[in-house]
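K.L.:
Structure provided below as structure tokens; questions to follow.
The values are calculated or read from the model by the stated rules, or taken from the named source; none is laboratory data. Please read these numbers as outputs of a predicted model, since none were measured by experiment. Glycine gets a Cβ as well: all are built from the backbone with ideal geometry, and neighbour counts include every protein chain shown.
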Amino acid sequence: DAMVIQNPRYQVTQFGKPVTLSCSQTLNHNVMYWYQQKSSQAPKLLFHYYDKDFNNEADTPDNFQSRRPNTSFCFLDIRSPGLGDAAMYLCATSRAAQSNQPQHFGDGTRLSIL
Amino acid sequence: AQSVTQLDSQVPVFEEAPVELRCNYSSSVSVYLFWYVQYPNQGLQLLLKYLSGSTLVKGINGFEAEFNKSQTSFHLRKPSVHISDTAEYFCAVSDLRDDKIIFGKGTRLHILP
């Protein structure tokens, strides 16, 4: 089945130690999104790619970076994780960057900071 | 800018009873509306969407929602819930001006035996 896959499902890192989360998709969708979701809150959009065009949300901290080397893969890099960055990170895709397109989500990576 | 309000953070309901999860939105232009479900430790899954046409939208797992433009609402309903419906439900809105979806804060559905 075509899907969005996030690895790993659980990630533990130390305070200040860089960490990379990965996302891959077999849907061949043009748009990929990264969301941060804290407990009992709505997903918060960090940034998205339309093809190779990177779009950063205004309030996304500089500590968060992203790479999309090809259509299928997208990475979230956290350069110096703080305790406040502990959250579920969700990757999503959509066929096009149009507001009527639903998004397809992976199962997320839960990040813990020691 | 558009926004979404889910007034109920938690809704308890007995198994096989009907349920309604409320969603209100605000936008100055035409909108698209979505309901997503999130099961524990999983990502979000699309339940249903309203883009245009009939205001009553049927989705997966027996859920349906009704778009009410005058009341700016898009409430989610199910006539008879099951224990497997235990999850967090998110209402979301987007409009023609933007390529992003705005999510509500979510409603946790508790099914009581």
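K.L.:
When the range A:93-114 is examined, which residues are found to be in a strand (DSSP E or B) and within 12 Å of chain B (Cβ to nearest Cβ)?
P.N.:
Across the range A:93-114, the qualifying residues are A:Thr93, A:Ser94, A:His104, A:Phe105, A:Thr109, A:Arg110.
K.L.:
Every residue in the range A:1-57 that is part of a loop (DSSP other than H, G, I, E, B) and among the aliphatic types (A, V, I, L, M), please.
P.N.:
A:Ala2, A:Met3, A:Leu27, A:Ala42
One line per residue, one yes/no per condition, for (1) modelled with pLDDT under 95; (2) surrounded by 14 or more Cβ atoms within 10 Å (Cβ to Cβ); (3) of a type in the set (Asp, Glu); (4) in contact with a Gly (Cβ under 9 Å, 6 or more places away or on another chain):
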position	(1), (2), (3), (4)
B:Val19	no, yes, no, no
B:Leu33	yes, yes, no, no
B:Asn61	yes, yes, no, no
B:Ala65	no, yes, no, yes
B:Ser94	yes, yes, no, no
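K.L.:
Going through the range A:62-94 one residue at a time, which ones are farther than 23 Å from A:Asn7 by Cβ and either of a type in the set (Val, Ile, Thr) or out of contact with any Phe, Trp or Tyr (no Cβ under 9 Å at 6 or more places or on another chain) (or both)?
P.N.:
A:Asp62, A:Gly84 - these are the residues of the range A:62-94 that are farther than 23 Å from A:Asn7 by Cβ and either of a type in the set (Val, Ile, Thr) or out of contact with any Phe, Trp or Tyr (no Cβ under 9 Å at 6 or more places or on another chain) (or both).
K.L.:
In the range A:76-92, what residues are among the aliphatic types (A, V, I, L, M) and within 14 Å of another protein chain (Cβ to nearest Cβ)?
P.N.:
Passing the criteria: A:Ala87, A:Met88, A:Leu90, A:Ala92.
K.L.:
Let me ask something else about it. Restricting attention to the range B:64-85, which residues are in contact with a Ser or Thr (Cβ under 7 Å, 6 or more places away or on another chain) and among the aromatic types (Phe, Trp, Tyr)?
P.N.:
Passing the criteria: only B:Phe67.
K.L.:
Next question. Which residues, counting only those in the range B:50-85, are touching a residue at least 40 places away in the same chain (Cβ under 8 Å), over 18 Å from B:Val31 (Cβ atoms) and of a type in the set (A, V, I, L, M, F, W, C)?
P.N.:
Of everything in the range B:50-85, those that are touching a residue at least 40 places away in the same chain (Cβ under 8 Å), over 18 Å from B:Val31 (Cβ atoms) and of a type in the set (A, V, I, L, M, F, W, C) turn out to be B:Val81, B:Ile83.
K.L.:
Still on this structure, I have one more. So, in the range A:69-92, how many residues would count as being of a type outside the set (A, V, I, L, M), in a loop (DSSP other than H, G, I, E, B) and either buried (at least 18 other Cβ atoms within 10 Å of the Cβ) or in contact with a Ser or Thr (Cβ under 7 Å, 6 or more places away or on another chain) (or both)?
P.N.:
Residues that pass the stated criteria total 2.
K.L.:
Does any residue in the range A:39-54 that is more than 8 Å from chain B (Cβ to nearest Cβ) come within less than 7 Å, Cβ to Cβ, of a residue that is among the charged types (D, E, K, R) and part of a loop (DSSP other than H, G, I, E, B) six or more places away or on a different chain, and which pairs are these?
P.N.:
Here the result reads A:Leu46/A:Glu57; A:Phe47/A:Glu57; A:Tyr49/A:Arg68; A:Lys52/A:Arg68, each pair linking the range A:39-54 to a residue that is among the charged types (D, E, K, R) and part of a loop (DSSP other than H, G, I, E, B).
K.L.:
Tally up the residues in the range A:55-69 that are in contact (Cβ under 8 Å) with a residue 24 or more places away in the chain and within 13 Å of chain B (Cβ to nearest Cβ), please.
P.N.:
The total comes to 0.
K.L.:
Filter the range B:1-11 down to the residues that are more than 17 Å from A:Gln37 (Cβ to Cβ) and surrounded by 11 or more Cβ atoms within 10 Å (Cβ to Cβ), then identify the one that is modelled with the lowest pLDDT.
P.N.:
B:Gln2
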